[in-house]
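Colleague: A single structure is presented below for examination.
The values are calculated or read from the model by the stated rules, or taken from the named source; none is laboratory data. Given the structure is predicted, the values throughout are model-derived calculations rather than measurements. When we count neighbours, we look across all protein chains shown, and the Cβ atoms used for this are built from the backbone with ideal geometry, even at glycine. Areas reflect the complete protein model, heavy atoms only, side chains present, ligands, DNA and RNA absent. Shrake-Rupley method; radii C 1.70, N 1.55, O 1.52, S 1.80 Å.
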Amino acid sequence: MKKILLLLLVCSTIQSCYYLGAAIEAPKMRSEYSEKNNAIPPDFGMNNTVLILKKRGGNYNRPLKSAIKKYLGEYVYLEVKENVDEKYQDKNKYRYVFDYSNGKSFSTTTKYGNLAPTTDTKTLKKFFIYDRLLDKTYQSGAEFHQFQKGLKVYFENLEIKRQSVK
């Protein structure tokens, strides 16, 4: 019984640290994912453009679909194998593509007793918006460990920008 209680305490502490980290990073994310920091195009939200969201698979698509709910403008999904210029030829209507590039990578190695060590490598995501009309990328350069929170904050900021140009 004591072991179960200890396990529950450890799990809740780890989970609390995760949420605390997201809460601490959120204000910095709001600042980084802004027009001021070159993460949002100045013309974003004008002329009822449709935002293209690039799907990447793995552990990215589910958080992407959850985070986009913060954005109330029109959007479409583009599979990673699809060619954006073939599928969405009208660059005035389908002007912006939301995607990410890989940022810093870091590894942690864990060894349990006599078992062989295991290494886990994480790569941070650097979100950006590509303007197809101007052939320009808007990216603040920010990288955060809490990429799901980063997605939500980015889309919240995009919605604020979209609403401001109406």
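Colleague: Hey, got a sec? Which trypsin sites (Lys or Arg not before Pro) in region 48-87 land in a DSSP loop and have at most 11 other Cβ atoms within 10 Å?
Modeller: Values: sites: Lys54, Lys55, Arg56, Lys65, Lys69, Lys70, Lys81, Lys87; in loops: Lys55, Arg56, Lys81.
Loop-located and lightly packed - Lys81.
Colleague: Turning to a different aspect of this structure: Quick one: which of Lys70/Lys125; Lys81/Lys161; Lys91/Lys125 span more than 28 angstrom between C-alpha atoms? Intermediate values should be presented prior to the final figure.
Modeller: Values: Lys70/Lys125 19 Å; Lys81/Lys161 30 Å; Lys91/Lys125 26 Å.
From the list (Lys70/Lys125; Lys81/Lys161; Lys91/Lys125), the Cα-Cα distance tops 28 Å for Lys81/Lys161.
Colleague: For region 49-92, just the Cα atoms, rotate onto the principal axes and tell me the three extents in Å, largest first.
Modeller: Result, largest extent first: 28, 25, 7 Å.
Colleague: Now a separate question. Given the protein chains as shown and a 1.4 Å probe, how many square angstrom of Asp43 are accessible, to the nearest 10?
Modeller: 60 Å²
Colleague: Viscosity 0.692 mPa s, temperature 37 °C: what is the translational diffusion coefficient of region 40-155 from Stokes-Einstein with a Kirkwood Rh over Cα pairs, rounded to a whole number of µm²/s? Intermediate results must be reported in sequence, preceding the final value.
Modeller: Values: Rh = 15.8 Å.
D, rounded to a whole number, is 208 µm²/s.
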